[in-house]
Amino acid sequence: MESVDAILALAALSQATRLDVFRLLVKHEPGGLPAGDIAKTLAVPANTMSAHLAVLTRAGLVSPRRHGRSIVYRADLDRLRTVMLFLLRDCCGGRPEICSALMADLDPCCPSPASVEGPIS
């Protein structure tokens, strides 16, 4: 991944509504949601939602697919993975023991004991 691609993806997520859209779509994987349902769920006017979805699509974070008369949007989890790996590629200068807690926290199904119990004082 090039820096410009990571910047495009991170910029797309740096706006509150777009971040909410992406998080909503992640929750609805793998089926996705129609654009109208996204707009209704987040209480955003359809034309405004269309602009937000276009930004996320250009960044490669969501993908649209026509389904009958509606367009269903899905989160592109592979693209998110690529962006996150780009950010973490040189994590902790090659010292994995420093990054072990971070890596454990990245598994949402199995949080690390530190994140469940809170920080150690």
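Couple of notes before you dig in:
- Scope the range 1-16; condition of a type outside the set (A, V, I, L, M, F, W, C), loosely packed, with under 15 Cβ neighbours inside 10 Å and in a helix (DSSP H, G or I); matching residues: 3
- Candidates are the residues of the range 64-88 that are among the hydroxyl-bearing types (Ser, Thr, Tyr) and out of contact with any Leu (no Cβ under 7 Å at 6 or more places or on another chain); the one that is surrounded by the fewest Cβ atoms within 10 Å (Cβ to Cβ) is 70.
- In a residue-by-residue description of the range 73-93, the property of being without any contact (Cβ under 8 Å) to a residue 24 or more places away in the chain, of a type in the set (A, V, I, L, M) and farther than 20 Å from residue 107 by Cα applies to no position.
- Matching entry among 77, 102 (being modelled with pLDDT of 75 or more and at negative phi): 77
- Per the listing 57, 48, the residue uniquely without any contact (Cβ under 8 Å) to a residue 60 or more places away in the chain, among the polar types (S, T, N, Q) and closer than 14 Å to residue 22 by Cα is 57.
- Of all residues in the range 29-63 being crowded, with 17+ Cβ neighbours inside 10 Å and not aliphatic (A, V, I, L, M), the one that is nearest to the chain's Cα centre (by Cα): 60
The values are calculated or read from the model by the stated rules, or taken from the named source; none is laboratory data. Only a predicted model underlies this, so the values are computations on that prediction, with no experimental measurement involved. Positions of Cβ are generated from backbone atoms using ideal geometry, with glycine treated the same way; all protein chains shown enter the neighbour counts.
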